[in-house]
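*Asks:* Before I ask anything, let me first share the structure, which is written out below as structure tokens.
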């Protein structure tokens with residue numbers, strides 16, 4: 001572990017990969033890695049690997065998720081959110097969930113093409129696809145590679161609905177596509193906002209957009225008639241739970257129509273990373289926050305049970321949930337649901353349009 005922060009990173013060490021028996025704590029990339037781009041002036045460079053996956057849509061069977069299909073053009077996320085529940089997924093690739101997760105990014109360079117090939121299959125049944133179901137599809141490298149934009153163009157062409165969630169105001173770049181999709185009831189967007197405190201965000205989500213830029217994005221999309229909402233996530237008891245009313249009020253004032261919330265999840269090695277970060281950044285509050293996390297997780301730091309993993313349990317969890325619901329009602333959030341349309345999907349094969 002490091003005594004000081006690594007510039008622009010959330011984690012400062014690599015926990016051992018639970019699938020690997022051999023553990024080498026080495027933060028310097030070997031010479032043979034194919035480097036597409038690296039950060040100038042960063043103490044640890046961001047390295048992008050070519051991901052040769054043959055499919056790009058992931059299916060989940062979790063009844064407590066609001067979507068069945070997700071699209072992720074990147075594996076790993078340079079945003080570096082210290083609490084990210086997706087960090088352990090990097091271990092399936094032979095990496096660590098720590099520094100590796102935010103500095104070694106797998107890029108599906110042909111993601112839009114793979115998505116189109118999926119739509120062309122006779123077996124594909126149109127459904128709303130969640131963009132960023134695992135890692136953020138608008139992380140910094142998207143500015144250059146435009147894989148998410150390409151995939152949105154495919155969805156518009158085939159009339160397949162999408163729901164996008166992100167922490168990055170870069171999504172404003174694609175408002176032209178999303179506006180056209182929204183006019184056909186094919187798109188909804190959610191901005192994830194964890195805090196109004198830009199200093200906390202800089203420490204906790206080092207390469208995400210500032211809270212102000214995220215609220216500005218909500219306002220821009222609302223003015224363009226794109227269904228827009230806010231996700232207060234994760235809620236960290238003792239750290240940002242008191243900000244729920246202020247976040248929801250500002251989001252509503254900017255034009256948000258819907259809102260959601262998720263309690264902090266700390267699966268596998270994320271527990272170690274988060275506790276290390278908490279002790280390093282907030283030594284005076286760490287004990288209090290950890291105790292409150294245990295309070296909503298049955299005495300543990302994490303609970304993977306479906307039905308409880310997103311909401312927590314116990315009186316404190318109920319209090320936080322009630323605060324969220326009362327505030328949503330006060331600011332008329334979730335007054336009506338967003339139901340996207342799958343009926344206009346059209347399959348395009350060799351330039352010929354085949355209605356579903």
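*Asks:* Take the residues in the stretch 331-352 that are touching a strand residue (DSSP E or B) at 6+ places or on another chain (Cβ under 9 Å) and assigned to a strand (DSSP E or B); name whichever of them is modelled with the lowest pLDDT. I'd like the intermediate steps shown before the answer.
*Replies:* Let us first name the residues in the stretch 331-352 that are touching a strand residue (DSSP E or B) at 6+ places or on another chain (Cβ under 9 Å), namely 331, 333-338, 340, 344-348.
Adding the requirement that they be assigned to a strand (DSSP E or B) leaves 346-348.
Working: 346: 95, 347: 91, 348: 85.
In this case the residue turns out to be 348.
*Asks:* If you don't mind, there's one more thing I want to ask. Cβ-Cβ below 6 Å, separation at least six or inter-chain, first residue in the stretch 328-339 and more than 19 Å from residue 250 (Cα to Cα), second part of a loop (DSSP other than H, G, I, E, B): which pairs?
*Replies:* 338/227
*Asks:* From 284, 276, grab the single residue that is assigned to a helix (DSSP H, G or I) and at pLDDT 95 or above. Write out each step before concluding.
*Replies:* Details: 284 fails: assigned to a helix (DSSP H, G or I).
Answer to the selection: 276.
*Asks:* Being assigned to a loop (DSSP other than H, G, I, E, B) and at pLDDT 95 or above is the filter here; which residues of the stretch 128-138 pass it?
*Replies:* Residues satisfying the conditions are 128, 135, 136, 137, 138.
*Asks:* Still on this model: Name the residues in the stretch 247-275 that are farther than 22 Å from residue 312 by Cα and surrounded by fewer than 19 Cβ atoms within 10 Å (Cβ to Cβ), would you? Let's see the steps before the verdict.
*Replies:* Keep residues of the stretch 247-275 that are farther than 22 Å from residue 312 by Cα, which gives 249-257.
Matches in the stretch 247-275: 249, 253, 255.
*Asks:* On to the next question. Working only within the stretch 301-330, note down all residues that are assigned to a helix (DSSP H, G or I), touching a strand residue (DSSP E or B) at 6+ places or on another chain (Cβ under 9 Å) and within 13 Å of residue 263 (Cα to Cα).
*Replies:* Correct list: 317, 320, 321, 324.
*Asks:* Can I ask one more? Filter the stretch 126-138 down to the residues that are more than 16 Å from the chain's Cα centre (by Cα) and surrounded by 18 or more Cβ atoms within 10 Å (Cβ to Cβ) and list them by number. So that I can check it myself, show each step before the final result.
*Replies:* Narrowing the stretch 126-138 to residues more than 16 Å from the chain's Cα centre (by Cα): 126-128.
The answer is 126, 128.
Quick grid of which residues meet (1) under 23 Å from residue 264 (Cβ atoms); (2) in contact (Cβ under 8 Å) with a residue 60 or more places away in the chain; (3) buried (at least 21 other Cβ atoms within 10 Å of the Cβ); (4) out of contact with any strand residue (DSSP E or B) (no Cβ under 6 Å at 6 or more places or on another chain):
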site: 73; (1), (2), (3), (4): no, yes, yes, yes
site: 81; (1), (2), (3), (4): yes, yes, yes, yes
site: 84; (1), (2), (3), (4): yes, yes, yes, yes
site: 87; (1), (2), (3), (4): yes, yes, yes, yes
site: 97; (1), (2), (3), (4): yes, yes, yes, yes
site: 100; (1), (2), (3), (4): yes, yes, yes, yes
site: 105; (1), (2), (3), (4): no, no, yes, no
site: 111; (1), (2), (3), (4): no, no, yes, yes
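*Asks:* Can you report the number of residues in the stretch 59-73 which are modelled with pLDDT of 90 or more, part of a loop (DSSP other than H, G, I, E, B) and either within 8 Å of residue 133 (Cβ to Cβ) or over 17 Å from the mean Cα position of the chain (by Cα) (or both)?
*Replies:* Number satisfying all stated conditions: 1.
*Asks:* Here's something else I'd like to know. Please count how many residues of the stretch 287-318 are at pLDDT 95 or above and more than 25 Å from residue 277 (Cβ to Cβ).
*Replies:* So the answer is 2.
Here is a yes/no grid of residues against (1) buried (at least 17 other Cβ atoms within 10 Å of the Cβ); (2) closer than 30 Å to residue 124 by Cβ:
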site	(1), (2)
278	yes, no
289	yes, no
304	no, no
334	no, no
344	no, yes
348	no, yes
352	no, yes
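*Asks:* Considering each residue of the stretch 87-125, count those that are assigned to a loop (DSSP other than H, G, I, E, B), at pLDDT 95 or above and over 18 Å from the mean Cα position of the chain (by Cα), and give that number. Outline the logic, then answer.
*Replies:* In the first step, residues of the stretch 87-125 are kept if they are assigned to a loop (DSSP other than H, G, I, E, B); the result is 94-98, 108-110, 121-125.
Applying the additional criterion that residues be at pLDDT 95 or above yields 95-98, 108-110.
Checking the rest, the ones that are also over 18 Å from the mean Cα position of the chain (by Cα) come to 95-96, 109-110.
Going through the stretch 87-125 one residue at a time, the tally reaches 4.
*Asks:* What's the number of the only condition in (1) within 30 Å of residue 9 (Cβ to Cβ); (2) in contact with a strand residue (DSSP E or B) (Cβ under 6 Å, 6 or more places away or on another chain); (3) in a helix (DSSP H, G or I) that residue 222 fails to meet?
*Replies:* Every listed condition holds for residue 222 apart from (1).
*Asks:* Out of (1) within 24 Å of the chain's Cα centre (by Cα); (2) assigned to a loop (DSSP other than H, G, I, E, B); (3) closer than 27 Å to residue 61 by Cα, the odd one out for residue 298 is which?
*Replies:* Evaluating residue 298 over (1) within 24 Å of the chain's Cα centre (by Cα); (2) assigned to a loop (DSSP other than H, G, I, E, B); (3) closer than 27 Å to residue 61 by Cα leaves (1) as the failure.
The values are calculated or read from the model by the stated rules, or taken from the named source; none is laboratory data. The model shown is predicted, which means the values in this text are computed figures rather than measured ones. Neighbour counts run over all protein chains shown; Cβ positions are idealised from the backbone, glycine included.
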